[in-house]
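Presented below is the structure to which this report refers.
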Protein chains: 2
Amino acid sequence: MDEFQFINTIKQNYYRQSSVVKGIGDDAAVFRQNTKDIVTAVDTFVEGVHFRKDTMSAYDIGFRALVANISDLAAMGAQPAFYLVSIVFPSHWSPQEVQHIFQGMKAIGRSYNMDLIGGDTVSGNELVLTITVIGYVEKAQARYRHHARAGDIVFVTGTLGDSQAGYHIITNQKKYKDAAYYTERHRRPVPRVDFALGIPRTVRVALNDVSDGIANEAAEIATASDVSMQLFDEAIPVHESFHQFSKSKQYQWKYFGGEDFELIGTVAATNWDILVDTAKRVNLQLTQIGKVFYEPEYNHVYINKGNQQLERLLQKGYNHLK
Amino acid sequence: MDEFQFINTIKQNYYRQSSVVKGIGDDAAVFRQNTKDIVTAVDTFVEGVHFRKDTMSAYDIGFRALVANISDLAAMGAQPAFYLVSIVFPSHWSPQEVQHIFQGMKAIGRSYNMDLIGGDTVSGNELVLTITVIGYVEKAQARYRHHARAGDIVFVTGTLGDSQAGYHIITNQKKYKDAAYYTERHRRPVPRVDFALGIPRTVRVALNDVSDGIANEAAEIATASDVSMQLFDEAIPVHESFHQFSKSKQYQWKYFGGEDFELIGTVAATNWDILVDTAKRVNLQLTQIGKVFYEPEYNHVYINKGNQQLERLLQKGYNHLK
């Protein structure tokens with residue numbers, strides 16, 4: 001199979017988005033969007049760093065990589081529309097395996113009516129998958145990190161630490177309760193698009209997706225909004241069987257274990273009920289985990305362990321350049 | 001330097017494009033385009049495949065990578081606007097070297113008023129640079145490969161084979177005439193944006209950029225337009241000192257040596273004068289190199305060597321999956 005034949009196997013037969021003017025097949029793709037704002041992000045996944053063949057199928061590697069990107073759009077309050085995929089293709093991967101990566105992407109892409117409109121396929125020594133996503137949001141309605149204000153409630157969707165627990169289960173051949181649940185959360189996370197799009201436009205929220213662990217994501221909101229926040233340790237939502245793991249693992253995973261692709265955000269206390277309704281409508285757990293306050297000179301995130309003492313939560317998200 | 005400090009060193013202090021709503025600093029970038037079509041493409045460059053540290057400076061690697069992407073926009077008739085850069089950063093590259101890559105991109109980006117609005121920085125074993133570009137074109141005015149028609153003139157801008165000649169000079173320590181010219185063409189090619197944007201809207205042209213050699217690019221136009229074409233061997237424009245290289249190298253480089261980032265296209269014979277004027281206005285060489293004809297059942301590209309015989313030109317562009 002040569003490069004051109006390969007592209008033919010992954011090309012869509014038709015496009016779902018009416019805004020596509022030209023998809024795959026020219027020097028570039030063309031689309032038209034005259035009423036909404038356009039949102040775009042890019043994420044790269046490297047074999048051995050972000051995924052391994054022995055813990056995840058090719059299909060799931062593709063699935064999860066696109067989820068990570070869709071999750072960025074969700075965190076902006078944007079409706080997913082397109083993706084472009086660039087792949088560095090080493091000789092130890094077969095074209096069939098790479099096709100499975102695309103099948104995984106297409107499966108999750110399809111469920112959000114996304115179209116694959118471009119990409120590049122090149123050779124190299126390690127598999128690198130770079131996805132560019134494009135989405136739409138009503139004009140001036142994007143959800144930013146800098147929207148938090150003192151007095152806001154801090155919330156998070158779903159439960160935290162599941163993805164890391166799933167990875168632990170996959171890489172440790174012991175018996176665990178709800179093993180299938182955790183491994184599924186690791187391999188096929190669900191981006192919280194429905195929730196993000198369900199929040200009424202008039203409600204101000206700051207939003208961030210939990211790709212790097214909430215310690216990191218909360219700090220980003222605090223810095224961007226020039227506020228501090230405290231998180232109630234007892235309130236951090238975890239799965240009912242999460243206590244089967246050691247205390248140190250629980251702590252590590254729920255605060256610093258990323259890739260749950262939940263949403264963390266803040267909202268005015270007066271609008272909390274509206275968010276609760278939104279979450280109920282999309283059948284998603286929503287938990288108040290802290291509050292925002294103003295602290296002169298600092299933008300810190302603290303854990304409140306219920307003993308009157310605020311303990312500073314330092315960022316320990318994965319740093320690729322350390 | 002950690003990942004966040006690194007991003008701060010490459011972030012722009014201000015944005016040139018008025019359509020930027022949010023640049024770097026959130027989960028995604030946001031822009032607004034109410035009147036034009038949006039054009040987007042992605043290209044990946046791998047160390048050892050697309051570039052080598054010993055033949056090109058980090059600055060030039062960045063410069064040329066963004067040129068390749070801008071060239072895709074030019075081939076669509078689109079005005080460059082934004083780029084996003086994803087970089088896989090191995091330990092044998094220093095943060096300073098990677099900053100030089102960004103400086104090279106910024107230099108060429110600045111000359112087209114482009115803004116860097118997003119990206120990703122991850123670790124890996126080999127340097128991989130993935131650039132997503134976004135541009136604008138007047139509604140329904142994009143220049144496509146499928147726009148060629150029987151009777152059209154085939155044209156090309158500039159001279160061909162220079163980039164490969166430059167690479168040859170860099171990797172062979174012999175004396176060559178105009179060495180500086182060729183190496184400059186290899187390291188810092190000029191995308192033909194001015195010419196592409198200068199073509200009046202009413203003129204139908206098919207366009208493709210010469211990234212893989214004209215044999216390949218001409219074949220893409222022929223296939224997309226369901227036509228055949230013949231190229232006049234004598235007419236293929238080369239630099240005045242190009243004959244210093246062996247006949248076989250000349251042939252190889254001008255037809256199959258890519259990365260000149262010139263534009264190949266077709267236009268109705270009646271509009272040829274308009275294109276000549278456009279080229280003159282932007283001070284660019286423009287050469288008629290062939291003609292388009294209809295051939296039942298085939299979409300072939302032939303070379304006419306002046307001996308009445310058409311010789312089929314097969315595609316030999318770089319195939320990454322061979």
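Looking only at residues in the range B:17-37 that are part of a loop (DSSP other than H, G, I, E, B) and of a type in the set (Asp, Glu), which one is surrounded by the fewest Cβ atoms within 10 Å (Cβ to Cβ)? I'd like the intermediate steps shown before the answer.
If we filter the range B:17-37 for residues that are part of a loop (DSSP other than H, G, I, E, B), which is where we start, we get B:17-19, B:23-28, B:32-36.
Add one more test, that the residue is of a type in the set (Asp, Glu), and what stays is B:26-27.
Details: B:ASP26: 23, B:ASP27: 27.
Step by step, filter the range B:17-37, then rank; the result is B:ASP26.
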Practice task
Just one of (1) within 14 Å of chain B (Cβ to nearest Cβ); (2) over 19 Å from the mean Cα position of the chain (by Cα); (3) under 30 Å from B:SER91 (Cβ atoms) trips up A:ASP72, so point out which.
Solution key: (2)
Exercise for the section: Might you check whether a residue that is surrounded by fewer than 23 Cβ atoms within 10 Å (Cβ to Cβ) and of a type in the set (Ser, Thr, Tyr) occurs anywhere in the range A:91-102? Expected result: yes
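Being out of contact with any helix residue (DSSP H, G or I) (no Cβ under 9 Å at 6 or more places or on another chain) and within 17 Å of A:GLN164 (Cα to Cα) narrows it down to one of A:GLY23, A:GLY48, so name that one.
Values: A:GLY23 fails: within 17 Å of A:GLN164 (Cα to Cα).
Result: A:GLY48 is the single residue among A:GLY23, A:GLY48 that is out of contact with any helix residue (DSSP H, G or I) (no Cβ under 9 Å at 6 or more places or on another chain) and within 17 Å of A:GLN164 (Cα to Cα).
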Fill in the blank from the handout: Filtering the range B:52-63 down to residues that are surrounded by fewer than 22 Cβ atoms within 10 Å (Cβ to Cβ) and either under 22 Å from A:ALA75 (Cα atoms) or not polar (S, T, N, Q) (or both) yields B:ARG52, B:LYS53, B:ASP54, B:MET56, B:ALA58, B:TYR59, B:ASP60
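Every residue in the range A:112-136 that is in contact (Cβ under 8 Å) with a residue 60 or more places away in the chain and either touching a Ser or Thr at 6+ places or on another chain (Cβ under 6 Å) or facing chain B (nearest Cβ under 7 Å) (or both), please. Before the answer, list the steps.
Start the filter on the range A:112-136 by keeping residues that are in contact (Cβ under 8 Å) with a residue 60 or more places away in the chain, which leaves A:112-119, A:121, A:126-136.
Answer for the range A:112-136, where residues must be in contact (Cβ under 8 Å) with a residue 60 or more places away in the chain and either touching a Ser or Thr at 6+ places or on another chain (Cβ under 6 Å) or facing chain B (nearest Cβ under 7 Å) (or both): A:GLY118, A:GLY119, A:THR121, A:GLU126, A:VAL128, A:THR130, A:THR132, A:ILE134.
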Handout entry: Cβ-Cβ under 6 Å pairs, at least 6 apart or on other chains, the range A:24-39 side farther than 19 Å from B:ILE131 by Cα, far side assigned to a loop (DSSP other than H, G, I, E, B)
Key = A:ARG32/A:SER19; A:GLN33/A:SER19; A:ASN34/B:ASN34; A:ASP37/A:LYS139; A:ASP37/B:ARG32
Exercise for the section: Kindly check whether there is at least one residue in the range A:260-277 that is in a helix (DSSP H, G or I) and either buried (at least 20 other Cβ atoms within 10 Å of the Cβ) or in contact with a helix residue (DSSP H, G or I) (Cβ under 8 Å, 6 or more places away or on another chain) (or both). Expected result: yes
Problem - Criterion violated by B:ILE7 - all others in (1) in contact with a His (Cβ under 7 Å, 6 or more places away or on another chain); (2) at pLDDT below 95; (3) more than 7 Å from chain A (Cβ to nearest Cβ) satisfied - result: (1)
Completion exercise
Scanning the range B:278-309 residue by residue, those within 23 Å of B:ALA196 (Cα to Cα), hydrophobic (A, V, I, L, M, F, W, C) and either out of contact with any helix residue (DSSP H, G or I) (no Cβ under 9 Å at 6 or more places or on another chain) or assigned to a strand (DSSP E or B) (or both) turn out to be B:LEU286, B:ILE289, B:VAL292
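The values are calculated or read from the model by the stated rules, or taken from the named source; none is laboratory data. All values derive from a computational prediction rather than experimental measurement. Virtual Cβ from ideal backbone geometry, glycine too; neighbours counted across all protein chains shown.
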